[in-house]
Amino acid sequence: MRTTFDVIIVGARVAGSTLAYELGKAGFDVLLLEKGTLPSDTLSTHNFFSNSVAMLREMGVMDRLLATNTPLYKRAYIEFDDAVIDGQYPEVHGENACFCIKRTYLDHALFEAATAQAGVTAIQGFRVTDLMREDGRVTGVTGVRRDGGTESYTARLVVGADGRHSVVRSLAGAKRLQAVPTDYASYVGYFSGYAQEGEPCVEFYKKGDRIAIVFPTSDGQHVVGAMFPLTDHAWVDRFKADAEKGFRELVASGLAGTPLAERLPVAALAGPVRGLLGYDNDWFEGMGSGWALVGDALSFKDPAVGQGMHDAMYGARVLTRILAASTDWPASWGDMAAAYSQELEAKMMARFGMACEITKNVPVTPEQQMVNRLIGSHPEATQAFLGIYNYANEPEALGMTIGRLLQPME
C-alpha cells in the first residue's frame, strides 16, 4: 500500500467522510483513517435541517438514507413556558423537510460514498498517536492498527475530523479562540411507541431551568434529550443511580403539562440512556502549517441548536474549495488559514453565539417571554424564527420582523 498522499483525514464520520468525498471529487489523493469500525453508533445530535438535507442530496446519498424508512418532518412545536410556537420550516435550496437519521446508517452511507471516489483510500481500526513534522510543518501521522502494528503515512496536509476531543487538534497545538462552558447536564434516550399527534415534528420544551427536545428518527423511534442544571446535584445523583428512572422523573416533574410528559410514560426505552455532564462550547484555530480542523474538532456547540451536522459538511466543502484554489500550499498556509477562518466565521458564528446563549441557565425575562408569545402568535415571525435554524434567514431578520410587528403597539 502507498504511504504518501495529498491529504490525510483523521476521523471518518460525518466531517471526515464528507471531506474525503469532496476532496476525492476534486481530484486529490486522500487517506481516510478511522479508529473505530463502521457502521457503529456514537453519541450525537444527528439532525439535519432542510439546508443540510440539500447537501445530502447533492452528495447522492439521500435516496439510500431514505431507504432506512427514517421519516422526514417539516414542522416544529415549541413551548417556552407559556409561549407556544408551532409552524413549518421555510423552504431553502428547494428543500423544506428535515431529517434525523441514526448515526449507524448515516456514517456508513457517507463513508461508502467517500470510499467510492477513485482517489480515496480508507483504513479502519487505525488510531493516530502522533504527528510527523519537518521544519515545524506537519507532514504526516504515526499510528497503531488494531492488531498492534505501528505505521506512518505522509501527506501535504493532515486534517483532524476526529471530534470534540480531537487528537490531531491537541498534537497540532491549535489555539482555542473561544470557550463558553455549559450550565447543563444533557442526557439522551431512544424510545419506541412515542406517539405524536398529526404529522411528524420536532418538539422543544423549556420550562424554567428544564429543557427537552424530541426528534422522530430511524427504526420507528423518537430520540429524546433532557437537560437540567449541573448545579442540581440531587438530579445528577438520581441519573447516576438509575438513568432511565431519573430521565422519566425529570420529564414528569419538570415538564408536567406538556405533550412530552403525557406521551413518554407509555413509550419504551430502546437501549441505554447516555449523557454528558458538562461540555464547552468552543471554537478553535482552524488551520496551521500542514494541518487543519473540521467539524466538532474545530467547533463544538450546545446540541440544542442542532447545527453540528451542517457545520461539519459545510466546513468540509469550504476547506476543499480553499485547497483546490491554491497551487502552492507550503507558501500559502497563512492565506489559506485566513480565508478558511473568515468564511466559516461569516457562515457559522451567529449560530455559535446562539448556542452560547442557550447553554447558560439564565431566567427568561418578562420582555423576552413577551417576544416569545409574539413569535408564536404571528406566522411571519414564526417563519423568521424557524428560518434561523435552516439558514433561510439570519437572526437579524427575526429582529426586524419583531420590530415591525411591535410598531402598531407603541
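Convert each backbone phi in segment 60-67 into a coupling constant with the Karplus relation 6.51 cos²θ - 1.76 cosθ + 1.60 (shift: θ = phi - 60°), then list the ³J(HN,Hα) values in order as whole Hz, x for Gly and Pro.
Along segment 60-67, the couplings run x, 9, 5, 4, 5, 5, 5, 5 Hz.
Which order do the peptides 333-342, 111-120, 358-367 take when ranked by the mean count of other beta-carbon atoms within 10 Å per residue, highest first? Write out the running numbers ahead of the final one.
On the way: 333-342: 16.2, 111-120: 18.3, 358-367: 13.3.
The peptides rank, most packed first, as 111-120, 333-342, 358-367.
So which of K245/K301; K102/K301; K206/K301; K207/K360 end up more than 21 Å apart by C-alpha? Don't skip to the end; give the middle numbers.
Values: K245/K301 27 Å; K102/K301 19 Å; K206/K301 18 Å; K207/K360 14 Å.
K245/K301, as the Cα separations exceed 21 Å there.
Could you go through segment 295-303 in sequence order and give the Karplus-derived ³J(HN,Hα) for each residue, using 6.51 cos²θ - 1.76 cosθ + 1.60 with θ = phi - 60°, rounded to whole Hz, and x for Gly and Pro?
Once rounded to whole Hz, the list reads x, 5, 5, 7, 8, 10, 10, 3, x.
Report the normalised scattering of segment 238-327 as log10 I(q)/I(0) at q = 0.14, 0.25 Å⁻¹, calculated by the Debye formula with identical scatterers on the alpha carbons.
-0.72, -1.24
Between E394 and S152, what FRET efficiency comes out of the Förster formula 1/(1 + (r/R0)^6) with R0 = 51 Å and r the beta carbon distance, rounded to 0.05? Before the final figure, lay out the partial values.
On the way: r = 45 Å, r/R0 = 0.88.
Step by step, r from the Cβ atoms, then E = 0.70.
Considering only Y389, M370, T3, whose Cα is most displaced toward the positive end of the charge dipole of the chain, charges sitting on Cβ of Lys, Arg (+1) and Asp, Glu (-1)?
Ranked along the dipole, the leading option is T3.
Express in whole angstrom the spacing between the alpha-carbon centres of segment 35-107 and segment 324-339.
For segment 35-107 versus segment 324-339, the Cα centre distance is 34 Å.
Run through all the Cα pairs of the chain and give the fraction in each 20 Å bin from 0, expressed as whole percent.
Taking every Cα pair in the chain, the percentages come to 26, 56, 17, 0.
Quick one: 3J(HN,Hα) in Hz for segment 270-276, Karplus 6.51/-1.76/1.60 with θ = phi - 60°, rounded, Gly and Pro as x.
Residue by residue, segment 270-276 yields 10, x, x, 6, 10, x, 10 Hz.
Using a Förster distance of 22 Å, how high is the FRET efficiency between T231 and V362, based on the Cβ-Cβ distance and rounded to 0.05?
Details: r = 13 Å, r/R0 = 0.60.
According to the calculation, E is roughly 0.95.
Return the whole-Å distance between the Cα centroid of segment 173-214 and the Cα centroid of segment 146-163.
Computed from Cα coordinates, the inter-centre distance equals 33 Å.
What is the set of long-range amide H partners of C100 at a cut-off below 5 Å, with H atoms built 1.01 Å from backbone N?
Close amide H contacts, sequence-distant or interchain: F48.
Could you work out the relative contact order of segment 366-409, using alpha carbon pairs under 8 angstrom and six or more residues apart, expressed as a whole percent?
Working: 23 pairs, mean separation 13.7, N = 44.
After rounding, I find 31 percent.
Non-local amide H neighbours of A155 (under 5 Å, H modeled in plane, Pro and chain starts lacking H): which ones?
Those qualifying (amide H under 5 Å, at least 5 residues apart or on another chain) are F5, G140.
For R64 and A241 in one chain, what is 0.36 nm times their gap in residues minus the Cα-Cα distance, to one decimal in nm?
59.7 nm
What does DSSP give for the chain in terms of the percent of beta bridges that are antiparallel, rounded to the nearest 5?
Here the antiparallel bridges make up roughly 70 percent for the chain.
Considering the Cα trace of segment 183-277, what is its radius of gyration and what is Dmax, both in angstroms?
Cα radius of gyration and Dmax of segment 183-277 are 12.4, 38 Å respectively.
So how strong a dipole does the chain carry about its Cα centre when Lys and Arg Cβ are +1 and Asp and Glu Cβ are -1, to the nearest 20 debye?
Value, rounded to 20: 760 debye.
Sort 236-243, 90-97 by the packing proxy (mean of other Cβ within 10 Å over each peptide's residues), most packed first.
Going by the mean number of other Cβ atoms within 10 Å, highest first, we get 90-97, 236-243.
When you count, for each residue, the other Cβ atoms within 10 Å and take the mean per peptide, how do 80-89, 199-208 rank with the highest first?
Values: 80-89: 16.8, 199-208: 19.0.
Descending mean neighbour count gives 199-208, 80-89.
So if we plug the beta-carbon distance of I123 and A268 into 1/(1 + (r/R0)^6) with R0 = 56 Å, what FRET efficiency do we get, rounded to 0.05?
Computed FRET efficiency for I123 and A268 comes out at 0.90.
Report the relative contact order of the chain, percent, no decimals, based on alpha-carbon pairs under 8 angstrom and at least 6 residues apart.
Dividing the mean separation by the residue count of the chain yields 21 percent.
In debye to the nearest 20, how big a dipole does segment 183-277 give about its Cα centre with +1 on each Lys and Arg Cβ and -1 on each Asp and Glu Cβ?
160 debye
Readers should treat all values here as calculations from the given coordinates under stated rules, not as data from a laboratory. Keep in mind it's a predicted model, so treat the numbers as computed, not measured. As a convention, Cβ positions derive from the backbone with ideal geometry for all residues, glycine included, and neighbour counts pool all protein chains shown.
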